[in-house]
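Worksheet: the structure to be examined is printed underneath.
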Amino acid sequence: ELKHKKIPYEENVRIGCMIEVPSAALIADLLAAESQFLSIGTNDLVQYSLAVDRSDHTLSGYYTPSHPAVLRLIRMTVEAADREGIPVSVCGEAAADREFVPLLLGLGVRELSVAARYLRVIKEEIRSIKMSDARQLAKKALSSSTAMEIDYLLETWKAR
């Protein structure tokens, strides 16, 4: 349409897809086949996967990115992107959570999108992580059955 109207534009715009609802993660393979990148929006993915309104403070204890269902959806999305050879990034609160970053890396995430105020601390965390350890953490987390077990893994992993 822009070309037809002779409006200048950048012709090499990458087309991607946000994975923010469980249905998108479940068809990540189909979306990845049509995309040049995927981006996982953890705030919405957690909210819609767990049916918990993140703005309702009375339910805040149920809103957790460490829930096994959320981790499986993230991993499923990363695997779909990997099969298509496209990058996948993670944004949202989980990407800026220093304690959660090792798990994201272990799940195969290689790009994080965080607010500028978090850059230094997240960079420090990434530099301190041994990838083989992060993969082991993710393997244990994916075999855990509750968010509480996974939270404990994250706490003890950090104390290493």
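Some points to look at:
Quick grid of which residues meet (1) open to solvent by less than 30 Å² (accessible area, probe 1.4 Å); (2) part of a loop (DSSP other than H, G, I, E, B); (3) on the phi < 0 side of the Ramachandran plot:
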residue: I7; (1), (2), (3): no, yes, yes
residue: R14; (1), (2), (3): no, yes, yes
residue: S23; (1), (2), (3): no, no, yes
residue: A32; (1), (2), (3): yes, no, yes
residue: N43; (1), (2), (3): no, no, yes
residue: V46; (1), (2), (3): yes, no, yes
residue: L59; (1), (2), (3): no, no, yes
residue: V70; (1), (2), (3): yes, no, yes
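- The residues of segment 104-160 that are polar (S, T, N, Q) and in a helix (DSSP H, G or I), listed by number, are S132, Q136, T156.
- Members of segment 72-103 that are assigned to a loop (DSSP other than H, G, I, E, B), farther than 18 Å from A24 by Cα and touching a helix residue (DSSP H, G or I) at 6+ places or on another chain (Cβ under 6 Å): R98, E99, F100
- Filtered residues of segment 41-53 (kept if of a type in the set (A, V, I, L, M, F, W, C) and over 16 Å from P68 (Cβ atoms)): none
- All told, R54 meets the bar of being part of a loop (DSSP other than H, G, I, E, B) and closer than 20 Å to D97 by Cα.
- Only one entry in S128, S113, S132 is over 16 Å from the mean Cα position of the chain (by Cα), open to solvent by less than 80 Å² (accessible area, probe 1.4 Å) and under 19 Å from D82 (Cβ atoms), namely S132.
The values are calculated or read from the model by the stated rules, or taken from the named source; none is laboratory data. Note that the structure is predicted; figures quoted are calculated from it, not measured. Cβ coordinates were reconstructed from backbone atoms using ideal geometry, including for glycine residues, and neighbour counts include every protein chain displayed. In case anyone asks, the SASA skips ligands and DNA or RNA and just uses the protein heavy atoms, side chains included. Shrake-Rupley method; radii C 1.70, N 1.55, O 1.52, S 1.80 Å.
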